[in-house]
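J.: Provided herewith is a single structure, encoded as structure tokens, for subsequent inquiry.
The values are calculated or read from the model by the stated rules, or taken from the named source; none is laboratory data. Just so we're clear, the structure is a prediction, and the values are computed from it rather than from any experiment. Because the Cβ atoms are built from the backbone with ideal geometry, glycine has one as well, and the counts that use them run over all protein chains shown.
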Amino acid sequence: MFGNGNLAWRMLVRDWRAGELRLLLLAVALAVASLTAVRFFADRVELGLTREANTLLAADLVLVSDHPVDATFAAEARARGLEVSVTTAFLSMVLAGEENALAGIKSVQPGYPLRGSLRVASELYGVDAPTRSTPAPGEAWIDARLAGALGVAVGDHVEVGDARLRVTAILTFEGERGGNFMALAPRLMLNEIDLARTGLVQEGSRVIHRLLLAGDAAALNRFRAWAQARLARGERFEDVRAARPELRQVLDRAQRYLGLAALLNVLLAAAATQIALRRYVQRHLDPFALLRCFGASRRRLLDLYFAQLGALGLAAGALGTSLGWAAQQGMTRLLGDTLRLSLPPPGWTPVLLGVVTGLALVLAFSLPTLVRLARVPALRVLRRDLGPPRAGALLAHGAGVAVVAGLLFWQAGDARLGGIVAAGVLALLLSAVLAIRLLLWPLTAWARRLSPGPRLGLLNLRRHGWETTLQAMALSLGLLALLLLTLVRGDWFESWRAQAPPGTPNLFLINIQPWQVQALDTHLRARSIDDFMLYPMVRGRLTHISGRVVDPAAFDDDRARRLTEREFNLSALAQPPAHNEIIAGAWWRPGETGVFSVEAGLARTLGIALGDELRFDIGGLPFSGRVTSLRKLEWDSFRVNFFVIAPVDMLADVPRSYVTSFHLPASRRALLGELVAAFPNVTAIDVEQVVAELRTLMDRVAGAVQVIFVFSLAVGVLVLLAALHTRRDERAREIGLWRALGASRRVVAIALASEFAVLGLLAGAVAAGVASLLAWVLAQRVFDLAHAPNPWIWLAGLGGGLALVLAAGLLASRELLRAPPLRSLNRE
Amino acid sequence: MRIDIEHLGKTVHVGENRLDILSDVSFSVNSGETVAILGSSGSGKSTLLGLIAGLDVPSTGCVRLDGDDLFALDEDGRAALRARSMGFVFQSFQLLPGLTALENVMLPLELAGRGDAEQIARVQLQRVGLTARARHRPTQLSGGEQQRVALARAFAVAPRVLLADEPTGNLDARTGAQVIELMFELNRAQGATLIVVTHDVALAGHCARRLRLEGGRLAAA
Ligand SMILES: Nc1ncnc2c1ncn2[C@@H]1O[C@H](COP(=O)(O)OP(=O)(O)OP(=O)(O)O)[C@@H](O)[C@H]1O
Ligand SMILES: [Mg+2]
């Protein structure tokens, strides 16, 4: 209809000037702002964290193969502007004079690694530094373990197959290896050119070829898509999540937490919109009736208001997105240094998200209310009592629910997370209704016996039954967001503290001979290093599982093959190590023998079950035992870990060495020199750099999460305020009336306070209950965290609800309390 | 515009009870005539006015405007008719609180798609003597001023019928008299048919004809 757009626009402008739209625009814009800020920031942090983590993969993406990777892949990658580097790795004996040791040999090209850097020292236990270079032809870089095992120093020569190489550096840090060195062989790194000279890489030898790739994320994805279809048998892609499971956990949790925050922000946005729209509709009943009376058709009014609200939604979306962008820019500026993450520029998805969210929220929530508005009888101009017909609550809000659900799943990026949160919110809304019906209404019946202040307040809650319920819902939703983010964050950070707490061992001593144990113990304790345990270590090969011969080639799984090809580390202990958790079966009783305790991951990989009979070949002798317990342990806990443990008596006569790990503060690095001088055969392995890398990553994740947490808190509080603002007009008239009827300011204040207090307590209780439940489910199902039930949450919920709602409510009503009753009564 | 009301009746059901608000009301108003509808509270005056405006549907009978049955039109058709030819004044003024006086007057003109809405509205405000208050909000105006704005709004679209429900009901006698004066003056100038519902004897006295409702039936005036 010609002129309608124009009129809609003029009406929009007038409504805006009249302040009718400000609250709505503000609510939606803020909601969108929080959502997009979190999303912008989360995107950037995620990219930044992944890039950070990629330094521990040496690349952004790796093509792993059991045969040389076809040259076309590298050529194609280069053509697409990606950096490329090839590594080759295999296990081989390394000789030095009379000594020999099994080592992980790896050939690299200049430019390796593409992400992060190696660290080397010019002598064993010397000061190390990052380097951009790689072993030159004829050179070998070896780690301290290999140096110790071979008894060689920088400048000595070693033999790898047919090649004779000069050791030119001690390799102290290689990102790709992580902290899992106990499960890996010592390292020798050489130049690609020397690889052929070793003569070890032949048809049929077990060699892992890697094509490392780095570059722009989009180009990488396109290359991956291109290559995926061309992969031959035995070739596969690995990213940091696949290659470094312990980092995957950190990154996944970060991603899910950010997802959770975004989800809660969606819900808060929806609540804020819904609240503001209710008020909007209330205030537009009269204009609607009047316009109908002036002859506007229902259809035309719907068009008008729909256009108006659409424009508003778009404006709120755009404004919110800009605000969100500015906020995340501010956060980044403020925290860039603290996070020390080089954050890539924000993407465009959040912009789309913001605008779509603003528009979708406003339209979806206003559609049912508009339809209700359109049904306002024009007769209302003559008879004020005629309001809009009650719409079927469920039907009317179907559109809103659908949009929120859609946004939830879009934002969760994880159907399970979205589903759990959605279920939790439903539970919350139901509990709010139940709490009001079953607790509050009986309470108000009893209120008649109270003094005038509280009685007025409580009865007022009751009088506005439906409004009270809606308010309680909104308030408890806001509080839920606050509590839930706090709880999950608590569980998560708790698990981190457990993983790499300050004082995490950064030094391992291996090859300690039995006759040195006493002396070493004394040596360390004399230097006030007390927090360590000396573990016996026995090397054995697994030969039989329940009578069946173990044949490495029979395993499909790469890891299983690798594990069974080599000997692995067993220990003999009376007690389970403190950082191990028995997850199946039971530890042995004193005196029991012929039993083993197996690490759960190994058991899973090799298909070992509780009760299976294992046979090991240890120093040529067979040792059998039944598996009586499975242990779970954190491989990255930087403690001495064993795949298999036997009772002390069982391995009493087997040749063994001892290992230990402890924390050596940087300031006492000199002790290391004394130590290796006093125990020349002992090898010290410094994992400080590995601990530091992991800790840095975690600190950054924690910092980022903290920011988003605080931001979400702010939005939660905002929604609380908006919820309290809904009945403002009506409340003003109520207060005016009470005052006009002779209630003193004090009585009115008490009435308001008791109303807000009861509402706050109720919302707090509901939120705390649902938050505890939801935190538990999320910890179990989504975050894979141990959840410690936290009774404080009830205190926080009740106290927080009471304090927040009371303070905000009274603050918002302060002006109404002070205004002369007449003004309040005359309010429109 | 000539108005014929024929056997108009309105019955509502409240629970079990049947309530006859209007029964068998018939009368005619000639084009340009002024008629007052009197009656005690609850006698059905507002209901009758709502029916004449087509805001509600009668249970029996019909309303003819220049001979055409108003209720032959559907809701939207009646709305369009109202937009074309009816003006309203209410006891509670019904100005939109968010809009200025000028904007309130412009509203029906804009709904009719008039490009000159603002000029007309200004002229109308001038005619009711409120040029100086054009930018004021209803809350900043007195009751009499608000009703004058409502009059300006009602006459802005040059209605052929003006329906007023107790236009002076919320005003004191002096202000009421001024408003009545103004209303009849505007009516004379534009030649609209005027139907006023009122308790106010002074107002009724200004009308050419008076009808009395008693318990939903027309009584001899
Ligand atoms: N939809 C309805 N449902 C029930 N009762 C109604 C309805 N509409 C009107 N009434 C009743 O019909 C009667 C007449 O109402 P109406 O508003 O027409 O009276 P009135 O003459 O305008 O009174 P007043 O002078 O007080 O404005 C009243 O008793 C009113 O309560
Ligand atoms: Mg009436």
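J.: Taking the criterion of being touching a Lys or Arg at 6+ places or on another chain (Cβ under 9 Å) and closer than 30 Å to B:V12 by Cβ, would at least one residue in the stretch B:138-159 satisfy it?
T.: Yes, that holds for at least one residue.
J.: Now for a separate question. When only residues in the stretch A:282-310 that are within 12 Å of chain B (Cβ to nearest Cβ) and among the small types (G, A, S) count, which is surrounded by the fewest Cβ atoms within 10 Å (Cβ to Cβ)?
T.: A:S297
J.: Another question, then. Can you tell me which residue among B:G67, B:G77, B:G54 is within 14 Å of another protein chain (Cβ to nearest Cβ), out of contact with any Phe, Trp or Tyr (no Cβ under 9 Å at 6 or more places or on another chain) and away from ligand 1 (no atom under 13 Å from the Cβ)?
T.: B:G77
J.: Within the stretch B:84-94, track down each residue that is within 16 Å of ligand 2 (Cβ to nearest atom), at pLDDT 85 or above and more than 7 Å from every other protein chain (Cβ to nearest Cβ).
T.: B:V89
J.: Now a separate question. Of all residues in the stretch B:176-194, which are within 13 Å of B:C207 (Cα to Cα) and without any contact (Cβ under 8 Å) to a residue 60 or more places away in the chain?
T.: Within the stretch B:176-194, B:I180, B:E181, B:E185, B:R188 qualify.
J.: Look at the stretch B:37-64 and say how many of its residues are away from ligand 2 (no atom under 16 Å from the Cβ) and over 15 Å from the mean Cα position of the chain (by Cα).
T.: 8
J.: Exactly one of these conditions fails for B:D20: (1) within 20 Å of B:T198 (Cβ to Cβ); (2) within 16 Å of ligand 1 (Cβ to nearest atom); (3) more than 11 Å from chain A (Cβ to nearest Cβ). Give me its number.
T.: (1)
J.: Quick check, is A:A8 modelled with pLDDT under 75 and within 14 Å of chain B (Cβ to nearest Cβ)?
T.: yes
J.: Let me ask something else about it. State which residue pairs qualify: first residue buried (at least 24 other Cβ atoms within 10 Å of the Cβ) and inside the stretch A:751-777, second residue among the acidic types (D, E) in any location, beta carbons under 8 Å apart, and separation of 6 or more residues or different chains.
T.: A:A775/A:D491
J.: While we're here: Do any helices (runs of 4 or more DSSP H) entirely within the stretch A:711-828 hold 2 or more residues that are at pLDDT below 70, among the aliphatic types (A, V, I, L, M) and more than 26 Å from the chain's Cα centre (by Cα), and if so, which?
T.: A:821-826
J.: Please enumerate the residues belonging to the stretch B:169-221 that are crowded, with 21+ Cβ neighbours inside 10 Å, of a type in the set (S, T, Y) and more than 13 Å from ligand 2 (Cβ to nearest atom).
T.: Selection gives B:T193 alone.
J.: Count, please, the residues in the stretch B:23-41 that happen to be more than 14 Å from chain A (Cβ to nearest Cβ), under 28 Å from B:M183 (Cα atoms) and within 15 Å of ligand 1 (Cβ to nearest atom).
T.: 5
J.: Condition (residue is in a helix (DSSP H, G or I) and at pLDDT 85 or above) applied to the stretch A:651-659: is it met by at least one residue?
T.: Taking every residue of the stretch A:651-659 in turn, none turns out to be in a helix (DSSP H, G or I) and at pLDDT 85 or above.
J.: Could I ask something else about it? Give the stretch A:95-120 a look and list any residue that's buried (at least 19 other Cβ atoms within 10 Å of the Cβ) and not small (G, A, S), or say none.
T.: Across the stretch A:95-120, the qualifying residues are A:I105, A:K106, A:V108, A:Y112, A:P113, A:L114, A:R115, A:L118, A:V120.
J.: Let me ask another. For residues that are away from ligand 1 (no atom under 13 Å from the Cβ) and within 24 Å of A:V381 (Cβ to Cβ), scanning just the stretch B:169-180, find the one that is farthest from the other protein chains (Cβ to nearest Cβ).
T.: B:Q178
J.: Further question: Give B:G61, B:G44 a once-over and let me know the one that is more than 10 Å from every other protein chain (Cβ to nearest Cβ) and in contact with a His (Cβ under 8 Å, 6 or more places away or on another chain).
T.: Going through B:G61, B:G44 in turn, the sole match is B:G61.
J.: Let me ask you something else. What number of residues in the stretch A:667-705 are polar (S, T, N, Q), touching a residue at least 60 places away in the same chain (Cβ under 8 Å) and assigned to a helix (DSSP H, G or I)?
T.: Summing the residues that are polar (S, T, N, Q), touching a residue at least 60 places away in the same chain (Cβ under 8 Å) and assigned to a helix (DSSP H, G or I) in the stretch A:667-705 gives 2.
J.: Between residues in the stretch B:16-29 that are within 11 Å of B:T60 (Cα to Cα) and more than 16 Å from ligand 2 (Cβ to nearest atom) and residues that are assigned to a strand (DSSP E or B) and among the charged types (D, E, K, R), which pairs lie under 7 Å by C-beta distance while being six or more apart or on different chains?
T.: Matching pairs, first to second residue: B:S23/B:R217; B:D24/B:R217.
J.: If you don't mind, there's one more thing I want to ask. Looking only at strands (runs of 3 or more DSSP E) that lie completely in the stretch B:129-221, which have at least 3 residues being modelled with pLDDT under 85?
T.: none
J.: Return yes or no: is A:T444 assigned to a helix (DSSP H, G or I), at pLDDT below 80 and more than 16 Å from ligand 2 (Cβ to nearest atom)?
T.: yes
J.: Sticking with this structure for a sec: Out of the stretch B:195-209, which residues are within 16 Å of ligand 1 (Cβ to nearest atom), free of Cβ contacts under 8 Å to residues at least 60 places away in the same chain and hydrophobic (A, V, I, L, M, F, W, C)?
T.: Hit for the stretch B:195-209 is B:V201, nothing else.
J.: Can you tell which of B:R153, B:R209 is out of contact with any Gly (no Cβ under 6 Å at 6 or more places or on another chain) and under 18 Å from B:S31 (Cα atoms)?
T.: After ruling out the rest, the residue left standing is B:R209.
J.: On to the next question. Would you mind telling me which numbered condition in (1) within 10 Å of ligand 1 (Cβ to nearest atom); (2) more than 26 Å from B:G191 (Cβ to Cβ); (3) not hydrophobic (A, V, I, L, M, F, W, C) B:G9 fails?
T.: B:G9 satisfies all of (1) within 10 Å of ligand 1 (Cβ to nearest atom); (2) more than 26 Å from B:G191 (Cβ to Cβ); (3) not hydrophobic (A, V, I, L, M, F, W, C) except (1).
J.: Checking B:P97 against (1) in contact with a helix residue (DSSP H, G or I) (Cβ under 7 Å, 6 or more places away or on another chain); (2) more than 9 Å from chain A (Cβ to nearest Cβ); (3) more than 26 Å from B:F184 (Cβ to Cβ): exactly one of these is not met. Which one?
T.: (2)
J.: Can I ask one more? So, in the stretch A:558-567, of the ones that are under 23 Å from A:S629 (Cβ atoms) and surrounded by fewer than 18 Cβ atoms within 10 Å (Cβ to Cβ), which residue ends up nearest to the chain's Cα centre (by Cα)?
T.: The extreme case among them is A:R559.
J.: Can you spot a residue in the stretch B:106-115 that is away from chain A (no Cβ under 13 Å) and either closer than 30 Å to A:W9 by Cα or part of a helix (DSSP H, G or I) (or both)?
T.: Scanning the stretch B:106-115 turns up no residue that is away from chain A (no Cβ under 13 Å) and either closer than 30 Å to A:W9 by Cα or part of a helix (DSSP H, G or I) (or both).
J.: Residue by residue through the stretch A:23-41, note down the ones that are within 14 Å of chain B (Cβ to nearest Cβ) and at pLDDT 75 or above.
T.: Matches in the stretch A:23-41: A:L24 only.
J.: Working carefully through the options A:L479, A:L429, A:L434, A:L456, find the one that is among the aliphatic types (A, V, I, L, M), over 40 Å from the mean Cα position of the chain (by Cα) and in a helix (DSSP H, G or I).
T.: A:L456
J.: When only residues in the stretch B:134-167 that are within 16 Å of ligand 1 (Cβ to nearest atom) and farther than 18 Å from B:R188 by Cβ count, which is farthest from the other protein chains (Cβ to nearest Cβ)?
T.: B:E166
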